[in-house]
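Accompanying notes for the structure given below.
Throughout, read-outs are computed from the coordinates displayed, never taken from laboratory work. As the structure is a prediction and not an experimental result, all values here were calculated from the model. Reconstructed Cβ throughout: ideal geometry from the backbone, glycine too, with neighbour counts over all protein chains shown.
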Amino acid sequence: MATVVSQATVTAPPAAVVIQPPVTVVQQPPVTTVRAPEKALTPCQRMGAEGYSYSYAYSAWVRAGYPVSWDADHDGIPCEQTYGER
């Protein structure tokens, strides 16, 4: 009698392939801040900001020839908006 040997083929299960979903990257545009140009200071505002006294500002007004632009309400008292009524 002849013996029959059976051969079995063993196969490994297929490897799992994981596919990641596509990633969407949204790039935001750069932020640009636009500022309004700063107003130039009036002579009175500049002297006040630099710490000069009202007496100095009044003397500067006299030396400058009494410019009308320094006296907003045209009452003969300059720099009232910066130094207040004197």
Listed candidates (i) -0.73, -0.87, -1.03; (ii) -0.57, -0.82, -1.08; (iii) -0.66, -0.82, -1.07 - label of the one calculated as log10 I(q)/I(0) by the Debye sum over Cα atoms at q = 0.13, 0.17, 0.22 Å⁻¹:
(iii)
Quick calc, Glu50 & Asp75: beta-carbon distance into FRET formula, R0 22 Å, rounding 0.05, result 0.35
Summing -39500 (n - 2.57) over every DSSP H run of at least 4 in the chain, dividing by its residue total and rounding to the nearest 500, the 222 nm mean residue ellipticity is -6000 deg cm²/dmol
Label-zone membership for segment 13-54, site Val68, 7 angstrom Cα→C-beta point, backbone N under 19 Å:
42-44
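Based only on other Cβ atoms within 10 Å, what is the fewest-to-most ordering of Glu50, Glu38, Glu80? Present the calculation step by step, with values, prior to reporting the outcome.
Values: Glu50 9, Glu38 6, Glu80 16.
Ascending number of Cβ neighbours within 10 Å: Glu38, Glu50, Glu80.
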Among Pro21, Pro37, Pro29: highest mean-square fluctuation, GNM of the chain, C-alpha pairs under 10 Å
Pro21
